1. Can you give the extra length, in nm with one decimal, that the chain gains between PHE189 and GLU430 once fully stretched, where that is 0.36 nm per residue apart less the Cα-Cα distance?
2. Quick one: if you stick a label point 7 Å off each Cα along the C-beta vector at THR95 and GLU394, how many nm between them?
3. If the chain between ALA47 and ALA116 were fully stretched, how many nm would it gain, using 0.36 nm times the residue separation less the Cα-Cα distance?
4. Please report the Cα spread of the range 53-115 along all three principal axes, rounded to whole Å, starting with the longest.
5. Given a cut-off of 23 Å, name the pairs among LYS6/LYS178; LYS96/LYS142; LYS81/LYS328; LYS38/LYS86 whose C-alpha atoms lie farther apart than that in the structure shown.
6. If you wrap a convex hull around the alpha carbons of the range 135-224, what volume per residue comes out, as a whole number of Å³?
7. I need the calculated FRET efficiency for the pair ASN344 and LYS380, taking r as the beta carbon distance and R₀ as 51 Å, to the nearest 0.05.
8. Calculate the spin-label point distance for LYS333 paired with ALA369, positioning each point 7 Å from the Cα along the beta-carbon direction, and give it in nanometres.
Amino acid sequence: MENKFKFSTIFSSIKLKPVVSEEKDKYLALASANELKKFLPDIDLKANIDLLPIAFDACVVNRVNKNGDVINGLTASEVAKNFINKPINLEHDRTKVVGCIVSYNFSKFGSNESLAELDVKDMKEPFNITLGGVIWRVVSPKLSDLIEESNDPSSSEYMTISASWELGFNDYNLVVLKGKEKNIENGTFITDESEKEKLSNNLKALGGTGKVNGDSYIYRQVLGEVIPLGIGLTTNPAADVGGVVIKTEEDIPEIKVEEDKVQEVESNQAENNISQISNLDVKQERITNRIIMKINNISEITDELLKEVKASSVTDFIAEELQKVSEKFIAEKAEKDNAIQAANQKFETVSSEHEALKKQLEEVNQKLATIEAEAAAKAKEEAFNIRMAGLDEEFDLDDEDRQVLATDIKDLEEETFAAYKKKMAVLMKEKNKAAKKAKMAKAEQSVATEVIASEQPVTVSETVSEVVEDAISNGKVEKASIPNSSSTSEATLKEKYGRAFSLEEGFIVK
């Protein structure tokens, strides 16, 4: 996997003494350690006595370390989460894995106050990547004891163990800082590839002195595809970090182990150096009393494991798995029930809205039907009035005629009425006003002609003259009679329609 990366950083440990007094440094470290404790993984120590929860600052962002490497806030925000599940080893020896990382956070440099993940990306000042993890007591009980000892402020081992990070990466920029400056916000960045190639040989990581231009120092800013490879516990980290804190319980039972073979270590080497623990040639430790340990996966249950663990560990695992399945089933059922309930509520809402819309539509249809009926009746009435007016204008009608005609035409369609009107023109030609007028005009012309003719001088015999005179003297003057079809006072059209619409079928003239 390492072949994927051009570079990796494994930090060496350099023993340094603090400039301030030991007592003052102790109190400063204690204040920082108290802040660190809030980053400890939340683990039930009574149920997991084989685990030792720890919290520590893995690195300082935006501040170069002793190996001449640094990452900025953007890179830190992207890679911090990838520390989870990575191994914790001794002095960067990957064959000596003693635990793993389970959480990540960000904190202020020097005080370990919490920082929000959203805020660190653009930060220029130094801050910490703070990790939480577990040490496997059954793998390295002596290391667990030493870490616990290093958390005792009254011990000479207090805060002697720290964490050092390890990264794999493919690209970097160069940062030049003057004198003892370590914060990259005050540095000059070199990103040009040709310049980087010229100055890279000066890097400590590549065998150089780390210096450039007299009193200036050159460092490597890791960037690009960056992968955390793990954490090494060390007595002297490359970064400005210090101390690993633990979570303890007064009633945690001690795990007793029997070592078949432990290589002797000289006392002068065992004092303050965790690397001496990593050199112990410890054979597989046998447990005199069966271990109460946490089984996390069914694949972990083997014949060898069953020889060393209590039955309660297996039953606990089975009970937990059943509990998980039960909780999952309950959660899924609740989710489905909620979905069904939501669907039913939505259906009821849609149904109510549908009924309301249906009712509104029925009301609109009723109103529309009423309007259409009224419009049709009005149109029918207007058509009837026009037809009757036309017949009244064409024929000399009396009330009896109007009643008959009204009954006949009130429901006729346009084409049927046209045919009916042609038929009436034939049947009622004697009452046709135009024909009667023309006939009267012709009669008047004939009488006029006769009168004119009577006024012409003629020579007649005496006998004829006498006859005419006698007829004149004996004749009677008759008054002109008015036809039955006419009345002395002409009725109005509204009165005519009124008499016509008084039929039983009922037409109302407004």
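1. Between PHE189 and GLU430, full extension yields an extra 74.5 nm.
2. My value for the distance between the label points is 12.6 nm.
3. Value of the extension gain: 21.7 nm.
4. The Cα atoms of the range 53-115 stretch 31, 26, 22 Å along the principal axes, largest first.
5. Among LYS6/LYS178; LYS96/LYS142; LYS81/LYS328; LYS38/LYS86, the Cα-Cα distance tops 23 Å for LYS6/LYS178; LYS81/LYS328.
6. Measuring per residue, one finds 170 Å³ for the Cα hull of the range 135-224.
7. Rounded to the nearest 0.05, the efficiency is 0.45.
8. The two pseudo-label positions are separated by 5.3 nm.
Just so you know, all these numbers are worked out from the coordinates, no wet-lab data involved. Bear in mind the structure is a predicted one, so any value in this text is a computation, not a measurement. Reconstructed Cβ throughout: ideal geometry from the backbone, glycine too, with neighbour counts over all protein chains shown.
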